[in-house]
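No value in this document is a laboratory result; all are computed from the given coordinates. These numbers come from a predicted model, not from an experiment. Glycine gets a Cβ as well: all are built from the backbone with ideal geometry, and neighbour counts include every protein chain shown.
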Amino acid sequence: MSAVDRVTPSSPDRPAASRSPFVRLRELLGDSQPGMPAISLAVGEPQHAVPSFVGPVLAAHIEEFGRYPMNKGLDAFCSAAADWLGRRFPMPRPLDPNSEVLILSGSREGLFTGAMAAERWVTGRTGRPAILMPNPFYGPLRTAPIVLLYLNPGLSQRDLSEAETEEGRQFYWRQRQGNEPLRSQINLKKKSWWVSRTKRFGVDPEYLRHKLAVLELCAYHSKTFSDGSLLPKLPSSRVAINWATSHLFARARSQERVVICLRSAKRWGLTIGSHEGWLFAPKVTRGGYMFKSENENAVEAAKVALRAAGES
């Protein structure tokens with residue numbers, strides 16, 4: 001059985017952006033028969049026989065498979081890798097195989113160590129080196145009784161200024177753990193954007209910041225968002241919509257949590273103007289404000305959830 005045959009089709013009512021491209025391709029092909037023997041492209045499945053010399057070598061060293069190899073690698077291999085890189089790419093100087101070649105068992109470790117090296121050693125650029133991390137949500141998403149769905153975080157001068165401070169970076173780090181409340185509004189001259197969007201809930205923002213979370217479809221800050229075709233290609237977007245459709249929406253329909261979509265309902269797989277249980281997709285402005293005629297049910301559900309959270 002090939003890898004294509006083993007793919008289990010996902011539910012047809014899931015949004016297209018959250019479904020496997022292999023499943024969608026299989027559905028498009030349907031029962032069409034290939035003109036030649038099919039070649040499976042699923043997850044890089046090998047299609048050729050193992051070379052004859054591999055089996056005896058593995059058998060001769062089978063006792064060594066009980067431990068991980070050292071990152072340093074064999075001297076001969078490191079030298080060969082450094083020589084090949086010098087032939088393949090126009091290096092300004094030869095690589096040192098002892099200090100500039102790292103042997104990896106997989107790509108994840110390489111991506112991590114590459115980012116660390118870039119932060120410490122990249123030169124020739126103005127400004128401070130930075131590593132960009134997605135920010136798919138903020139607020140206590142694990143426990144918040146109310147979750148607002150948006151398209152992506154905005155980008156203000158306050159965001160840029162806070163990112164330059166150690167306190168700001170620590171706050172963003174805690175936010176990614178899923179338990180950190182929204183930012184306190186005490187002594188802020190300009191209140192955070194979510195305060196005006198939730199004013200009709202009728203509670204003090206200092207209380208609400210512990211009970212409210214925001215989930216973003218696109219995890220990256222920007223002043224404007226125009227290229228929606230990128231969303232299905234972003235792993236963070238696929239994770240957000242998969243988690244929302246498979247977990248969060250079910251809890252909202254059973255009235256365990258209030259979920260209000262304030263931007264891009266269609267991209268979240270919702271119908272504008274609909275609601276099921278405590279899952280709402282009201283008509284909104286581009287800024288994410290609900291029209292008064294559309295928000296009564298959502299506001300009432302939020303008040304009920306907040307009262308219940310205060311009593312628990």
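Listing for the model above:
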read-out	value
Projected label distance in nm at V239 and H210, using a 7 Å step from Cα toward the beta-carbon	2.8
Ordering of 206-219, 148-161, 53-66 by burial proxy (mean other Cβ atoms within 10 Å per residue, highest first)	206-219, 148-161, 53-66
Charge tally in the Cβ shell below 14 Å around A81, where Lys, Arg are +1 and Asp, Glu are -1, A81 excluded	-1
Proximal lysines to K211, defined as alpha-carbon separation beneath 23 angstrom and excluding residues fewer than eight positions away on the same chain	K189, K190, K191, K199, K292, K303
Option label - P(r) over Cα pairs in 10 Å bins from 0, in percent computed here, alternatives [x] 5, 15, 14, 11, 9, 9, 8, 7, 5, 4, 3, 3, 2, 2, 2, 1, 0, 0; [y] 5, 19, 23, 20, 18, 11, 5, 0; [z] 6, 26, 31, 21, 13, 4, 0	[y]
Residue-count net charge about D227 - beta-carbon cut-off 14 Å; Lys, Arg +1, Asp, Glu -1	+3
FRET efficiency, R88 to T165 (Cβ-Cβ, R0 51 Å, nearest 0.05)	0.75
Helix-derived mean residue ellipticity, 222 nm - over the chain, DSSP H n ≥ 4, -39500 (n - 2.57), to 500	-9500 deg cm²/dmol
Three-way shape call for the stretch 135-225 based on the alpha-carbon gyration tensor, with the a/c threshold at 1.5	rounded
Anisotropy class of the stretch 246-312 from Cα gyration tensor, a/c 1.5 cut	oblate
Cα-projected label distance for S246 with R108, points at 7 Å along beta-carbon direction, nm	1.7
Pairwise label distance in nanometres, Q177 with M36, each label 7 Å out on the Cα-Cβ vector	5.6
Tail fraction, Cα-Cα pairs, the stretch 137-311, threshold 31 Å, whole percent	10
